[in-house]
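The values are calculated or read from the model by the stated rules, or taken from the named source; none is laboratory data. Treat the numbers as computed from the prediction; the structure is a model and nothing was measured. Here the Cβ positions follow ideal geometry from the backbone for every residue, glycine too, while neighbour counts run over all protein chains shown. For the accessible areas, the whole protein counts, side chains as well, though only heavy atoms, and no ligand, DNA or RNA atoms are used. Shrake-Rupley method; radii C 1.70, N 1.55, O 1.52, S 1.80 Å.
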Amino acid sequence: MSAVIYLDNNATTKIDPNVLEAMLPYLTEYYGNPSSMHSFGGQVGKALKQARCQVADLLGAEESEIIFTSCGTEGNNTAIRAALAAQPDRKHLITTEVEHACVLNVFKQLEKQGYIVTYLSVNRKGQLDLMELEAAMTGNTALVSTMYANNETGTIFPIEQVGAIAKEYGATFHVDAVQVAGKLPLNLKSSTVDLMTISGHKLHAPKGVGALYVRRGFRFRPLLIGGHQERGRRAGTENVAGIIGLGKAAELAQLHLADVAQEKKLRDRLEKGLLAIPDTEINGDRKNRLPNTTNIGFKYIEGEAILFSLNQYGICASSGSACTSGSLEPSHVLRAMGLPYTILHGSIRFSLSCYTTEAEIDRVLEVMPGIVDRLRDLSPFNNDQAEWLQDREEAVVSNR
Amino acid sequence: MWDYTEKVLDLFYNPKNQGAIEDPNESGIAVVFGEVGSIACGDALRLHLKIDIDTDKILDARFQTFGCTSAIASSSALTEIIKELTLDEALNVSNRDIAEYLGGLPEEKMHCSVMGQEALEAAIYKYRGIEVEEHEDDDGRLVCSCFGVSENRIRRVVIENNLTAVEQVTSYVKAGGGCSSCAAEIEDLIAAVQQEKALTATRVAAEIATAQERNRPLTTVQKITLIQTVLQEVRPVLLADGGDVELYDVEGDVVKVVLKGACGSCESSTATLKNAIEVRLRERVLPNLVVEAVS
């Protein structure tokens, strides 16, 4: 296989060499426990403090507002449970239909435990309707939890407007910013956000580390109970090397924010080239998107087959098709957007990073038309049957 | 990433027999296609057959597939398997034959092989003028409403592939793969099928043991009891195809049955008799039994 062209950075990213370099001493030489009462452990504690400051800087927050976690999933689980504990009398929760599974499935479980959950819908572009949010809010609403930007389409939610509405009703506001940290500037000091989740491996830190922002003064209850680590807010011996890595990655991400325009330029180049292929369209809000993400629907062909074809050229992307998940149902995000079935199964997400080069983008543009042509040649469906197909597919779905 | 075999990847990257078949409008040659699936379901297969009307032989088979890597490879494998077969022989091709040809499929992808087998049946039934509706509209109650899967179809796939878990049923026929509210029902069905199977096995074994103990051949009554039990086992498979079977009489080693529904009008009924029923009876009751159809 030829050299890898990695365009799946919303799934995970490469560890920055500088991050690795910063981490290594903490896997070899400095193995002390930061909680220990000797200077061998104490120096590790100092390094953790520095990492905490680096992450706080990226978020525009205070050092004391950062809790290190093991991943985005832990951050989101912790945040949601903490919000419930903060206002135990309130039993209504609001989220959106397009959240990550580590948010959606927590809410599904909470429903079983007696909470009432409102799942806000999105329109064809993946945008929220703030009127719908306003109408759903009550004095009984404990929490509004939304993502900052969608992992599949890159569509950005207007979180400050959402937060303002949540605050009007005294609800906690949690934001899953896993896809945003390092891609958009953040300033939580002047924000309505109470809790914000980020994950290390999406911004060139290693897997197994994340952080949760908890606004100062927020009535926080921990998920993991045990020792006094993280000031009692997340028990368990720290993943020291991971945390150091996250700190360094946060520092680098802050510097890199200035170069995001270059990433966007490459993304736009890719998108323009792919849209030149007939019967393709962009899924998501073109104007209001993460600069690194594009999600394109290729009609009449299936996403997993496209991915395996790309794989032949060493190109890594992902798809919302049912066959990639083994779940038999296509992406809940694209379904929530009401995309027609002719596009749903043939949607491909390309997500770039600061390492992406123009030559890589051009290589994708070189091979993609052939891949699409070949699979369309194999397919029994084509654009001549567009109308008939649409009717037929609607009938199939309504018969279910 | 799916762990596909080399064969699957090879037939995906270099598929054999893709495309449609033009009707040559020659006398003695028929061209027909069968279709299953839809874009909404995530995969669809249109299988084209060129048939020699006199010999019933498949002269050419081609496919058009909307679907994933293994759907395309399964379709291509199917066309390779059935070329040169007679229609009756082709009807005996099971989803397992397709999966085996490919050197195996990930279990979650077994439904790709089932799709191939179903498209083949659809094409042959269409050629033989058996209403597709009649075939699909079996008596079975709908169990999975997300993917429209009936009880009989689930029973069939459980029996034929000896499935023991809901996830397997989902992998084979998609049932339970949507809202999964039917999972408990599928569990019950699996349990029922397994129980019936175990019961038959014990009864057959007991009868044969009794006969051997007495050192005597099976009495006609014993034979009938055993044959009835085995037929009960075969019925769901036929029911799934819109057919049925009933025991008419037993004379010596000759078992006379009545084929009903789609089986009665189906030209492949001889194959069904020999392969589905006779083989099983010989295996389970007596090795010298012969099955005949009476009308």
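Taking amide hydrogens as modeled 1.01 Å from N in the peptide plane, which residues meet the under 5 Å criterion relative to A:Gly208, leaving out close sequence neighbours?
Excluding prolines and chain starts, which carry no amide H, the hits are A:His201.
Could you work out how far helix A:358-378 tilts from the main Cα principal axis of chain A, as a 0 to 90 degree angle to the nearest 10?
It is inclined by approximately 50 degrees.
Considering every residue in B:37-50, what mean count of other chain Cβ atoms within 10 Å of its Cβ is obtained? Kindly include the intermediate steps, with their values, before the conclusion.
Details: counts 2, 8, 20, 16, 8, 13, 7, 4, 1, 3, 1, 1, 0, 0.
Across B:37-50, the average partner-chain Cβ count within 10 Å equals 6.
Enter the mean projected area of the convex hull around the alpha-carbon atoms of chain B, in nm², rounded to one decimal.
Averaging across all directions leaves 16.6 nm² for the Cα convex hull.
Lysines near A:Lys91 by alpha-carbon distance under 22 Å, same-chain residues fewer than 8 away left out - which ones?
Cα-Cα hits under 22 Å: A:Lys108, A:Lys112, A:Lys167.
First check a/c for segment A:284-368, with a ≥ b ≥ c the square roots of the eigenvalues of its C-alpha gyration tensor; if it is under 1.5, answer rounded, and if not, answer prolate when a/b is larger than b/c or oblate otherwise.
On the way: a/c = 2.04, a/b = 1.31, b/c = 1.56.
Taking the square roots of the gyration eigenvalues as a ≥ b ≥ c, segment A:284-368 is oblate.
With a cut-off of 8 Å between alpha carbons and a minimum separation of six or more residues, what is the relative contact order of chain A in percent?
Numbers: 773 pairs, mean separation 86.5, N = 400.
The normalised contact order for chain A reaches 22 percent.
What average count of beta carbons from other chains do you get within 10 Å of the Cβ of residues in A:374-382?
Working: counts 3, 5, 1, 4, 13, 9, 14, 6, 1.
Mean partner shielding for this stretch: 6.
Order the peptides B:195-201, A:368-374 from the highest to the lowest mean number of other Cβ atoms within 10 Å of their residues.
So the peptides B:195-201, A:368-374, ranked by packing, come out A:368-374, B:195-201.
What ranking, highest mean first, results for peptides B:225-233, A:196-204, A:113-121 when packing means the other Cβ atoms within 10 Å averaged over each residue? Working shown, then result.
On the way: B:225-233: 18.3, A:196-204: 28.4, A:113-121: 14.7.
Listed from highest to lowest mean packing, they are A:196-204, B:225-233, A:113-121.
What are the GluC sites (Glu not before Pro) within segment B:32-100 that DSSP puts in a loop, where the Cβ has at most 15 other Cβ atoms within 10 Å? Present the calculation step by step, with values, prior to reporting the outcome.
Working: sites: B:Glu35, B:Glu80, B:Glu84, B:Glu89, B:Glu100; in loops: B:Glu84.
Qualifying residues, ordered by number: B:Glu84.
With unit charges on the beta carbon (Lys/Arg positive, Asp/Glu negative), name the residue among B:Thr220, B:Pro236, B:Val279 whose Cα is farthest towards the positive pole of the charge dipole of segment B:215-293.
The Cα lying farthest towards the positive end belongs to B:Thr220.
For A:Gln87 and A:Glu63 in one chain, what is 0.36 nm times their gap in residues minus the Cα-Cα distance, to one decimal in nm?
Numbers: separation 24, 0.36 × 24 = 8.64 nm, distance 2.50 nm.
That works out to 6.1 nm of additional length.
Just name one of A:Val364, A:Tyr341, A:Gln385: the one whose Cα is farthest towards the positive end of the charge dipole of segment A:341-385 (beta-carbon charges, Lys/Arg +1, Asp/Glu -1).
A:Tyr341
In a GNM of chain A with a 10 Å cut-off on Cα contacts, which of A:Thr146, A:Thr73, A:Thr237 has the highest mean-square fluctuation?
A:Thr237
Just need log10 I(q)/I(0) for segment A:17-256 at q = 0.13, 0.14, 0.17 Å⁻¹, Debye formula, equal scatterers on the alpha-carbon atoms, no solvent, rounded to two decimals.
Ignoring solvent entirely, the Cα scatterers give -0.75, -0.86, -1.21.
Restrict the search to segment A:1-100; then list the chymotrypsin sites (Phe, Trp or Tyr not before Pro) that DSSP places in a loop and that have at most 13 other Cβ atoms within 10 Å of their Cβ.
Details: sites: A:Tyr6, A:Tyr26, A:Tyr30, A:Tyr31, A:Phe40, A:Phe68; in loops: A:Tyr30, A:Tyr31.
Here the chymotrypsin sites (Phe, Trp or Tyr not before Pro) that fit, given the DSSP loop and packing criteria, are A:Tyr31.
Restricting to DSSP loop positions (anything but H, G, I, E, B) with no more than 12 other Cβ atoms inside 10 Å of their own Cβ, which trypsin sites (Lys or Arg not before Pro) remain in segment A:60-163? It would help to have the intermediate numbers written out before the result.
Details: sites: A:Arg81, A:Arg90, A:Lys91, A:Lys108, A:Lys112, A:Arg124, A:Lys125; in loops: A:Arg90, A:Lys91, A:Arg124, A:Lys125.
Those that pass, being in a loop and sparsely packed, are A:Arg124.
Output the relative contact order of chain B, whole-number percent, from Cα pairs under 8 angstrom with separation of 6+ residues.
Values: 500 pairs, mean separation 39.4, N = 295.
With pairs under 8 Å counted, the relative contact order is 13 percent.
Can you grab the distance from the C-alpha centre of segment A:65-121 to the C-alpha centre of segment A:228-288, Å, no decimals?
Spelled out, the Cα-based centre of one part sits 23 Å from the other.
Around A:Gly41, with a cut-off of 14 angstrom between Cβ atoms, what is the net charge of the other residues, counting Lys and Arg +1 and Asp and Glu -1? Working shown, then result.
On the way: positive: A:Lys46, A:Lys49; negative: A:Glu29, A:Glu238.
For residues surrounding A:Gly41, the net value is 0.
Gap in Å between the Cα centre of segment A:140-175 and the Cα centre of segment A:313-379?
Taking the Cα centre of each part, segment A:313-379 and segment A:140-175 sit 29 Å apart.
Cβ under 12 Å from B:Met110's Cβ, B:Met110 left aside: what net charge do those residues give with Lys, Arg +1 and Asp, Glu -1?
Numbers: positive: B:Arg96, B:Lys109, B:Lys174; negative: B:Glu100, B:Glu107, B:Glu108, B:Glu160, B:Glu167.
Within the 12 Å Cβ shell, the charges total -2.
Percent of Cα-Cα pairs per 5 Å bin, from 0 to the last occupied bin, for segment B:215-293, please list those.
The distribution over segment B:215-293 is 3, 16, 31, 26, 14, 7, 2, 1, 0, given as percents.
Quick check of the Kirkwood formula: for segment B:64-207, what is the inverse mean of 1/r over all pairs of different Cα atoms, in Å?
Values: mean 1/r = 0.0615 Å⁻¹.
About 16.2 Å, per the Kirkwood formula over Cα pairs.
How long, wide and thick is segment A:69-110, going by the Cα atoms along their three principal axes, in whole angstroms, largest first?
Reported extents, whole Å, longest axis first: 28, 24, 14.
Which value in deg cm²/dmol, rounded to the nearest 500, describes the helix-derived mean residue ellipticity at 222 nm for chain A, given -39,500 (n - 2.57) per DSSP H run of n ≥ 4 and division by the residue count?
On the way: 14 runs with 162 residues, N = 400.
Estimated from H runs of four or more residues: -12500 deg cm²/dmol.
Cross-link candidates for B:Lys256: which lysines have Cα within less than 17 Å, leaving aside residues fewer than 8 places away along the same chain?
Result set, ordered by chain and number: B:Lys223, B:Lys274.
Determine the dipole magnitude for chain B: charges of +1 sit on the beta-carbon of Lys and Arg, -1 on that of Asp and Glu, nothing else is charged, the reference point is the Cα centre, and the result goes in debye to the nearest 20.
Values: 28 positive and 49 negative charges, 141 e Å.
The calculation lands at about 680 debye.
Aspartates and glutamates near B:Lys16 by alpha-carbon distance under 14 Å, same-chain residues fewer than 8 away left out - which ones?
A:Asp377, B:Asp60, B:Glu80
Report the B-A buried area as the accessible area lost on both sides summed, probe 1.4 Å, in Å² to the nearest 100. Walk me through the intermediate numbers first.
On the way: alone 14240 and 17370 Å², together 28770 Å².
Rounded to the nearest hundred, the buried surface is 2800 Å².
Which log10 I(q)/I(0) values does chain A give at q = 0.10, 0.12 Å⁻¹ under the Debye formula, counting every alpha carbon as one identical point scatterer?
After summing over all Cα pairs, the log10 values are -0.70, -0.98.
Using a simple charge model, +1 on the beta-carbon of Lys and Arg, -1 on the beta-carbon of Asp and Glu, nothing else, what dipole does segment A:191-237 show about its Cα centre, in debye to the nearest 20?
Values: 9 positive and 2 negative charges, 18 e Å.
Using Cβ point charges on Lys, Arg, Asp and Glu, segment A:191-237 gives about 80 debye.
From the square roots a ≥ b ≥ c of the eigenvalues of the alpha-carbon gyration tensor of segment B:1-130, which class results: rounded (a/c under 1.5), prolate (a/b over b/c), or oblate? Please report the intermediate quantities before stating the final value.
Working: a/c = 1.90, a/b = 1.79, b/c = 1.06.
In terms of gyration-tensor shape, prolate.
Using alpha-carbon pairs under 8 Å, 6+ residues apart, how would you state the relative contact order of segment A:248-400 in percent? Intermediate values should be presented prior to the final figure.
On the way: 176 pairs, mean separation 41.6, N = 153.
Relative contact order here is 27 percent.
From the C-alpha coordinates alone, can you work out the Kirkwood hydrodynamic radius of segment A:60-198, in Å?
Numbers: mean 1/r = 0.0667 Å⁻¹.
For segment A:60-198, the Kirkwood estimate is 15.0 Å.
Roughly how many debye, to the nearest 20, is the charge dipole of chain A about its Cα centre, given +1 on each Lys and Arg Cβ, -1 on each Asp and Glu Cβ, and no other charges? Working shown, then result.
Details: 40 positive and 45 negative charges, 245 e Å.
The dipole of chain A has a size of about 1180 debye.
Taking R0 as 56 Å, what's the FRET efficiency between B:Asn92 and A:Leu365 from their Cβ-Cβ distance, rounded to 0.05?
On the way: r = 48 Å, r/R0 = 0.85.
Efficiency, from the Cβ-Cβ distance: 0.70.
Sorted by average packing, counted as other Cβ atoms within 10 angstrom per residue and highest first, what order do B:50-63, A:43-56, A:238-251 take?
Working: B:50-63: 17.8, A:43-56: 19.5, A:238-251: 26.2.
Top of the packing list down: A:238-251, A:43-56, B:50-63.
So how compact is the protein assembly as shown: Cα radius of gyration and Dmax in angstrom?
When restricted to the Cα atoms of the protein assembly as shown, Rg and Dmax are 30.5, 96 Å.
Looking only at other chains, what is the average number of their beta-carbon atoms within 10 angstrom of each beta-carbon in B:66-75?
6
Calculate, for B:Asn162 and B:Arg203, the FRET efficiency according to 1/(1 + (r/R0)^6) with r their C-beta to C-beta distance and R0 25 Å; round to the nearest 0.05.
Values: r = 19 Å, r/R0 = 0.76.
For R0 = 25 Å, the calculated efficiency reads 0.85.
Quick check: from the Cα gyration tensor, does segment A:1-63 come out rounded (a/c under 1.5), prolate or oblate?
Numbers: a/c = 3.94, a/b = 1.68, b/c = 2.34.
Oblate shape, in that a/c is at least 1.5 and b/c is the bigger or equal ratio.
Which percent of the accessible area of the protein assembly as shown is formed by carbon and sulfur heavy atoms (probe 1.4 angstrom)? Show your work: numbers first, answer last.
Numbers: 14420 of 28770 Å².
About 50 percent, which is the carbon plus sulfur part of the accessible surface.
Pick out, from A:Tyr300, A:Val209, B:Asn95, the residue whose Cα sits farthest towards the positive end of the charge dipole of the protein assembly as shown, with +1 on the Cβ of Lys and Arg and -1 on the Cβ of Asp and Glu.
A:Val209
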